[in-house]
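Structure, as structure tokens:
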Amino acid sequence: MRNSRLLLRSGLTLAAAAALPTWLAGPSAAVTGISVSTTGTTVSVVTSACTQSGGSWGNASLLNSGQTAFAQGRQAALAGTTVSQSAAWSGVSPGTYTVVVVCSNGGTAGTQSVIVSSAPSVPAPPTTSNTNPNTTRTAAPARGVAGGLGGAARDYGPLTLGVGAALVGTGVIATGWYLRKRSKPHRL
């Protein structure tokens, strides 16, 4: 009886621990189905959330900080295949922008902010210290890492999070089953 209570408590603790990351992720983890990147003054967006309807995948809009509606931004038509659709804007001036993708069926595939920095100039050669000609000094980066709460490198959608939660749940159930089998006395 004591072993079964202990097992029940440990099983509940394991289940709570397994559910915690999913609960913490909440609705914000499945916010977007788009991936936005910048290279110099070019902003590009990639998605796999849209389906083709009437010969069109949909449109993407690049909104500056003063714009709030999709129609106000620089629009670009999505192009691609059933696996991946993309759009790009070149000659974007430095600043913070919001990229919004609307599929041809009218649904929003996602919204994501992006920071465009000035175009990289030709790097200056490192300066040599006068006291020691074997050492060089280089300037520190102009801005830090644009990190976030997890997923800073890539934004995962609800399907990926659901599969991960299912794998964690399966692991919890298998651990509980194993511990239950181990706690029973062996009968010959």
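Only the coordinates and a few stated rules stand behind these numbers; no lab work does. Keep in mind that what you see is a predicted model, and the values were worked out from it rather than measured.
Amide H contacts under 5 Å for G33: G110, T111, restricted to partners 5 or more places along the chain or on a different chain, H placed in the peptide plane at 1.01 Å from N. Classify the stretch 71-113 from the C-alpha gyration tensor, please: rounded if a/c falls under 1.5, else prolate or oblate depending on whether a/b exceeds b/c. Here the stretch 71-113 falls in the prolate category.
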